[in-house]
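Scroll down for the structure; my scribbles are underneath it.
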């Protein structure tokens, strides 16, 4: 069997890591013969330089330049390297990938992504309705298009303390207006408007990573409780858990939306039950935790893409402990130069 | 301006300044001018060489060399 | 000159100006060598640069798409072409041929519509400034007039009284549809009871008849559900008004505000992701209007789309005049078109294409216009290969507001052409000359 050439984005394994490097590690540890290609949005992304994971790594144009830029880059990579499967791991690129999955297929690049309709269901403005349908709570959330509007919302409909969120990245709990403005300015400068203002719930945050086949049936899932996190809420240590109510919620979510592909449910357990805070339409950065407890979701994703099915794997040990640590290695500047001048590490 | 004596140029259009750690990216004509500067040629000499190498009028080449030298100075001062 | 020569170009890696774009290696410039099959180079050779170019095919297509989308939900549908968005005669005529009536907001626009052969009863007259003379003409010619303030209701009453027969008038309403900012300066506010007072004022006058309501909630509304919320509030008001006056309204006018495929500054995602389809807007609106759609006859439903119909049809071709290196590391280009022709560049980041593939590394660049004014910036942060002098750039979409708001300031205003559906080129407006400007000074 020839190696599958798989492109993986989100290889920024920094203190605010993307999932790409963890997806790559999971695939390297699987029994599938693969040749992994890093798709990077920054020449400094650590994943660019990890030889034992990525055979080569390519720089991509920013998604805010539109599909024309992304598909030009992907076609160029395909002609230089070959590209059979794409596992997009970044929120900002997903809308474009989802919208254009047919064109990717026409180019011979397979994906397993939700449809546009499914993706829209979990968008912030429709999440409240979806939460009702799958029978869970949802904190009051409003979309704001300016700082003035945010202040108005905080004064009138969602009182402080509240959570200020970017449409794609970053979320901060704020306790006063000054901090709200500060944090909103910070997020908007990087990711633009709109922002979300969300009611702050009191309870325990738990998270679930899952994978659904193209029939909306869950083939694998693992739940965790984050213990130590960075100031952005990125996990540093965590423990596996199982919550019956969350598992059932996960099944209902996939069934109702007909979800296909990877996802993460971010939830809050309060005295009134489970509340859905956010649905991420991709693997989270801690995807390797699931692999480490025997549920290799990236491997299962590749199986779903190539064979159309894979054995269910819902079994894992409770009380397993995840420890993330930072490390470093030494490489050569010419790789950096190759990326900058020729858009790929190997200088092709 | 980077210290030309040490500036390390590679085939892929990149240059590395081992004294400051800065990297530079440049096109073919810029690389040609920098290499000529490293050889100690003055702007008139470089313009002649550039004009020959790329088959462009001397007057154009002369402007480009002078303008490029100013850009190198600016870059040294910029953040 | 050798073809493989490009002017020397050097960029320091890690230039903070790259932060918004990634490094130079990441970007690909876009190439467009023709508009509707007509070569950019041919257009420039014939009509010069800068040059506004419109696509007739795009105008008609956008109109038909929007009309068809709305028609699925509502039978008695009328589109009024928003003159202020682009009132070139050639553009107005295309929309009128498609079936649009005229939507005007001033004496000048009213007279323009009439001069194009549009009868008064095919004109919607909006806006906060309707001097009595033109108001009288419009009312007596049967235009659909929307009062913006109480004085206009009084003026209409006076005109009706003089004329000896009742006159129909509607009102513009502003309301909170959950979008920001609230356009409360136009028309009568709903939540405060101002709109109700205006309706009462009309209802209680023996000379006036209440025609209907007009509500334009804002511009570039990215959330289709804002229209649903507006209609919910309007529906309640309409029911109350109808029971007050004792007859059914003739029309409901929802204005415009649908976005175009333009990149609003401060929005991260490209328009292809950020902007909903016209079918989504139609659905949001249509569902709330079922109660009126099922009436026999259904009152007229009016839209005054502007930007949505014309923006993507418009391109501006402009040329590089000069370039220089700036001390901050950017490459600064001077173009022959600037904010004098691109009023909307304050809010939108245009797509910028080159008419050929230009080789070389990308530099962080800034595009300045030709005005001797520091504010004349078309794009302050873009990655481009080093462009030679006279390189053509194509900016889009620029069809909305840029022609009507372009200034005769420092430079003459350029030629404007339209490429017809048969690829023929027609001159919509010729370039200005000194004689045009001196004529007004006597």
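If you scan region A:128-151, which residues turn out to be in contact with a strand residue (DSSP E or B) (Cβ under 7 Å, 6 or more places away or on another chain) and in contact (Cβ under 8 Å) with a residue 60 or more places away in the chain?
Within region A:128-151, A:131, A:136, A:137, A:138, A:139 meet the criteria.
As an exercise: evaluate residue C:93 against (1) outside any helix (DSSP H, G or I); (2) modelled with pLDDT of 95 or more and give the number of the one condition it does not meet.
(1)
Is there a residue in region C:301-323 that is surrounded by fewer than 16 Cβ atoms within 10 Å (Cβ to Cβ), outside the structural domain of residue C:103 (by TED's automatic domain parsing) and in contact with a helix residue (DSSP H, G or I) (Cβ under 6 Å, 6 or more places away or on another chain)?
no
Scan region C:393-420 residue by residue and report those that are in contact with a helix residue (DSSP H, G or I) (Cβ under 7 Å, 6 or more places away or on another chain) and farther than 16 Å from residue C:314 by Cβ.
C:408
Which condition does residue C:110 not pass, out of (1) crowded, with 18+ Cβ neighbours inside 10 Å; (2) within 20 Å of residue C:66 (Cβ to Cβ), if it passes all the others?
With (1) crowded, with 18+ Cβ neighbours inside 10 Å; (2) within 20 Å of residue C:66 (Cβ to Cβ) applied to residue C:110, the lone miss is (2).
Which members of region B:33-61 meet the condition of being in a loop (DSSP other than H, G, I, E, B) and more than 8 Å from every other protein chain (Cβ to nearest Cβ)?
B:39, B:40, B:41, B:42
Quick one: how many residues across region C:181-196 are loosely packed, with under 15 Cβ neighbours inside 10 Å and over 14 Å from residue C:234 (Cα atoms)?
2
Confirm whether residue A:285 is farther than 21 Å from residue A:92 by Cα, outside the structural domain of residue A:145 (by TED's automatic domain parsing) and at pLDDT 95 or above.
no
Is there a residue being more than 8 Å from chain C (Cβ to nearest Cβ), in a helix (DSSP H, G or I) and more than 19 Å from residue C:360 (Cα to Cα) anywhere in region B:13-26?
Checked region B:13-26: no residue is more than 8 Å from chain C (Cβ to nearest Cβ), in a helix (DSSP H, G or I) and more than 19 Å from residue C:360 (Cα to Cα).
Failed condition for residue C:319, given (1) in contact (Cβ under 8 Å) with a residue 12 or more places away in the chain; (2) more than 22 Å from residue C:59 (Cα to Cα); (3) not in a strand (DSSP E or B), with all others met?
Result: residue C:319 passes all but (3).
In region C:237-260, what residues are touching a strand residue (DSSP E or B) at 6+ places or on another chain (Cβ under 9 Å) and within 14 Å of another protein chain (Cβ to nearest Cβ)?
The answer is none; no residue qualifies.
Give the residues of region C:242-266 that are buried (at least 22 other Cβ atoms within 10 Å of the Cβ) and either more than 19 Å from the chain's Cα centre (by Cα) or assigned to a helix (DSSP H, G or I) (or both), sorted by residue number.
C:252
Please work out if residue A:47 is more than 14 Å from chain C (Cβ to nearest Cβ), crowded, with 20+ Cβ neighbours inside 10 Å, in contact with a strand residue (DSSP E or B) (Cβ under 7 Å, 6 or more places away or on another chain) and under 29 Å from residue A:189 (Cα atoms).
Spelling it out, residue A:47 is indeed more than 14 Å from chain C (Cβ to nearest Cβ), crowded, with 20+ Cβ neighbours inside 10 Å, in contact with a strand residue (DSSP E or B) (Cβ under 7 Å, 6 or more places away or on another chain) and under 29 Å from residue A:189 (Cα atoms).
Return a yes/no flag: does region A:235-244 have any residue that is free of Cβ contacts under 8 Å to residues at least 12 places away in the same chain and either more than 23 Å from residue A:326 (Cβ to Cβ) or surrounded by fewer than 18 Cβ atoms within 10 Å (Cβ to Cβ) (or both).
Checked against the condition, which is being free of Cβ contacts under 8 Å to residues at least 12 places away in the same chain and either more than 23 Å from residue A:326 (Cβ to Cβ) or surrounded by fewer than 18 Cβ atoms within 10 Å (Cβ to Cβ) (or both), region A:235-244 yields at least one hit.
Name the residues in region A:100-122 that are over 17 Å from the mean Cα position of the chain (by Cα) and either modelled with pLDDT of 95 or more or buried (at least 16 other Cβ atoms within 10 Å of the Cβ) (or both), would you?
A:100, A:101, A:102, A:103, A:104, A:105, A:106, A:107, A:108, A:109, A:110
Of all residues in region C:267-289, count the ones that are part of a helix (DSSP H, G or I), modelled with pLDDT of 95 or more and touching a strand residue (DSSP E or B) at 6+ places or on another chain (Cβ under 9 Å).
The number of residues fulfilling the criteria is 1.
If residue B:30 satisfies all but one of (1) outside any strand (DSSP E or B); (2) under 27 Å from residue A:339 (Cα atoms); (3) more than 7 Å from chain C (Cβ to nearest Cβ), what's the number of the condition it fails?
(3)
Conditions: (1) touching a helix residue (DSSP H, G or I) at 6+ places or on another chain (Cβ under 8 Å); (2) facing chain C (nearest Cβ under 8 Å); (3) exposed (fewer than 15 other Cβ atoms within 10 Å of the Cβ). Residue B:64 meets all but one. Number of the miss?
Condition not satisfied by residue B:64: (3).
Of everything in region A:327-348, what is exposed (fewer than 10 other Cβ atoms within 10 Å of the Cβ) and more than 14 Å from chain B (Cβ to nearest Cβ)? Give them in sequence order.
A:327, A:328, A:329, A:330
Would you mind finding the one in C:74, C:63 that is crowded, with 17+ Cβ neighbours inside 10 Å, in the same structural domain as residue C:116 (by TED's automatic domain parsing) and part of a loop (DSSP other than H, G, I, E, B)?
Exactly one residue qualifies, and that residue is C:74.
If you scan region C:1-49, which residues turn out to be modelled with pLDDT of 90 or more, buried (at least 20 other Cβ atoms within 10 Å of the Cβ) and more than 7 Å from every other protein chain (Cβ to nearest Cβ)?
C:35, C:40, C:43, C:47, C:49, listed by residue number.
Being within 14 Å of chain C (Cβ to nearest Cβ) and not in a helix (DSSP H, G or I) is the filter; apply it to region A:70-99 and report the residue that is modelled with the highest pLDDT.
Selected residue: A:88.
Residue-wise test of (1) out of contact with any strand residue (DSSP E or B) (no Cβ under 9 Å at 6 or more places or on another chain); (2) at pLDDT below 95; (3) within 9 Å of chain C (Cβ to nearest Cβ); (4) assigned to a loop (DSSP other than H, G, I, E, B).
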site: A:22; (1), (2), (3), (4): yes, no, no, no
site: A:25; (1), (2), (3), (4): yes, no, no, no
site: A:30; (1), (2), (3), (4): yes, no, no, yes
site: A:35; (1), (2), (3), (4): no, no, no, no
site: A:42; (1), (2), (3), (4): no, yes, yes, yes
site: A:53; (1), (2), (3), (4): no, no, no, yes
site: A:58; (1), (2), (3), (4): no, no, no, no
site: A:64; (1), (2), (3), (4): no, yes, yes, no
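Can you pull out the strands (runs of 3 or more DSSP E) entirely within region C:356-438 that have at least 3 residues that are surrounded by 22 or more Cβ atoms within 10 Å (Cβ to Cβ) and in contact with a strand residue (DSSP E or B) (Cβ under 7 Å, 6 or more places away or on another chain)?
C:362-368, C:377-385, C:392-396, C:415-419
Any idea which of (1) at pLDDT below 95; (2) surrounded by fewer than 17 Cβ atoms within 10 Å (Cβ to Cβ); (3) closer than 23 Å to residue C:385 by Cα is the one residue B:57 doesn't satisfy?
(1)
Please go through region B:13-44 and give me each residue that is surrounded by fewer than 14 Cβ atoms within 10 Å (Cβ to Cβ) and at negative phi, ordered by number.
B:18, B:19, B:20, B:38, B:39, B:42, B:44
For the list (1) within 14 Å of chain B (Cβ to nearest Cβ); (2) under 16 Å from residue A:238 (Cα atoms), I need the number of the one condition that residue A:323 fails.
Exception for residue A:323: condition (1).
The values are calculated or read from the model by the stated rules, or taken from the named source; none is laboratory data. If you're wondering where the values come from, they're calculated on a predicted model, not measured in any experiment. Using ideal geometry, Cβ is built from the backbone for each residue, glycine included, and neighbour counts are taken over all protein chains shown.
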